[in-house]
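The values are calculated or read from the model by the stated rules, or taken from the named source; none is laboratory data. Computed from a prediction, not measured in an experiment: that's the story for all the values here. As a convention, Cβ positions derive from the backbone with ideal geometry for all residues, glycine included, and neighbour counts pool all protein chains shown.
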Amino acid sequence: MRLRCAVLDDFQGAAARSADWSAIEEDVEVVALREHLADEDALAAALVDVDIVVTLRERAQFPASLFARLPRLKLLVASGMRNSVIDYAAAEAHGVTVCGTASSSTPPVELTWALLLGLARGIVEENNALRSGGPWQQTVGADLHGRRLGLLGLGKIGSRVARVGLAFGMHVSAWSQNLTKERADEVGVGLAPSKESLLESSDFVSVHLALGDRTRALLGPAELALMKPTAYLVNTSRAAIVDQDALLSALREGRIAGAAVDVFDTEPLPADHPLRTAPRLLATPHLGYVSRANYTTYYGQAVENIRAYLSGHPVRRLP
């Protein structure tokens with residue numbers, strides 16, 4: 001009897017063409033679910049007769065209560081090697097093996113610059129006007145050369161964003177709670193003495209921090225009020241790092257020039273969410289990790305993990 005495997009949140013139908021699933025087809029029936037299952041009841045109903053689940057990033061939560069409702073589940077494969085929404089102790093208690101895959105930091109770096117450049121040069125507005133027969137040239141682009149890029153976080157992604165900024169001729173500075181001058185010097189950027197000074201002095205602010213107790217709501221009303229009215233904010237990290245109500249107010253009142261976000265408190269974003277109609281906002285549906293190379297890695301290594309599990313060989317265990 002073949003095992004059943006569910007691939008969650010395969011929005012683009014990309015899982016099947018991103019890996020060679022034939023390697024497990026004799027033992028496993030694979031079903032891709034293209035619609036997001038928004039709550040635990042929906043997940044439990046869809047997965048009750050499933051032995052293996054492949055979950056995309058941190059979109060679906062796996063708390064203890066869900067594991068208790070999935071008696072057949074034996075293997076959970078997550079894309080990436082870090083996942084904060086899986087209860088690992090509960091998985092172990094229910095006999096579920098949890099494993100992960102590699103994940104490249106290149107796609108979010110590239111998307112950060114796509115968003116920043118899109119903001120700076122009014123790409124969306126100008127494209128929409130041109131295609132609809134609207135006014136010819138309605139925006140005046142913001143320059144990057146000679147302007148200051150402030151980075152909140154200088155880790156794997158932030159440091160690569162910094163190097164691109166330097167290549168554009170920007171003055172780049174960074175800040176985080178644990179950032180040292182040695183690390184800033186290694187990347188070739190300035191160390192901002194405080195979060196406040198970075199926000200006050202930057203023309204572009206980009207967020208590249210992990211979400212945790214110290215970074216949740218790191219940018220609230222007081223912090224956003226420090227930014228220049230001509231400055232732009234980019235967040236491709238985690239939505240909860242920026243107070244969403246404070247961001248909406250700043251955009252609606254024109255207290256910052258604009259923002260670009262790829263991450264949201266609720267994903268997929270509800271149709272009536274106020275961010276969908278916010279002014280001065282460039283928004284994308286969490287595309288930071290979505291690239292052909294990453295999908296090939298995610299789903300290719302998911303197949304490898306499943307094969308290894310079935311044959312009794314080691315898997316890429318999480319956490």
field: Selected residue (criterion: nearest to A210 (Cα to Cα)) from residues of the range 1-42 that are of a type in the set (A, V, I, L, M) and without any contact (Cβ under 8 Å) to a residue 24 or more places away in the chain
entry: A38
task: Pull up the range 101-112, narrow it to residues that are among the β-branched types (V, I, T) and surrounded by 17 or more Cβ atoms within 10 Å (Cβ to Cβ), then point me to the one that is farthest from the chain's Cα centre (by Cα).
output: T101
- request: Using the structure shown, decide if L166 is crowded, with 16+ Cβ neighbours inside 10 Å, modelled with pLDDT of 95 or more, out of contact with any helix residue (DSSP H, G or I) (no Cβ under 8 Å at 6 or more places or on another chain) and assigned to a helix (DSSP H, G or I).
  value: no
- prompt: Only one of these conditions is not met by L199: (1) out of contact with any Ser or Thr (no Cβ under 6 Å at 6 or more places or on another chain); (2) assigned to a loop (DSSP other than H, G, I, E, B). Which number is it?
  reply: (2)
message: Here is a check on your reading of the model: is L151 in a strand (DSSP E or B), closer than 23 Å to S104 by Cα and within 23 Å of the chain's Cα centre (by Cα)?
response: yes
- prompt: Somewhere in the range 193-205, is a residue free of Cβ contacts under 8 Å to residues at least 12 places away in the same chain, basic (K, R) and closer than 26 Å to E110 by Cα?
  reply: no
message: Looking at the range 155-169 only, could you name the residues that are farther than 14 Å from T236 by Cβ and in contact with a His (Cβ under 8 Å, 6 or more places away or on another chain)?
response: F168, G169
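I'm trying to understand the selection: among the residues of the range 112-143, which are within 20 Å of V187 (Cβ to Cβ) and either in a strand (DSSP E or B) or in contact (Cβ under 8 Å) with a residue 60 or more places away in the chain (or both)?
Once the filter is applied, which keeps residues that are within 20 Å of V187 (Cβ to Cβ) and either in a strand (DSSP E or B) or in contact (Cβ under 8 Å) with a residue 60 or more places away in the chain (or both), the range 112-143 yields T112, L116.
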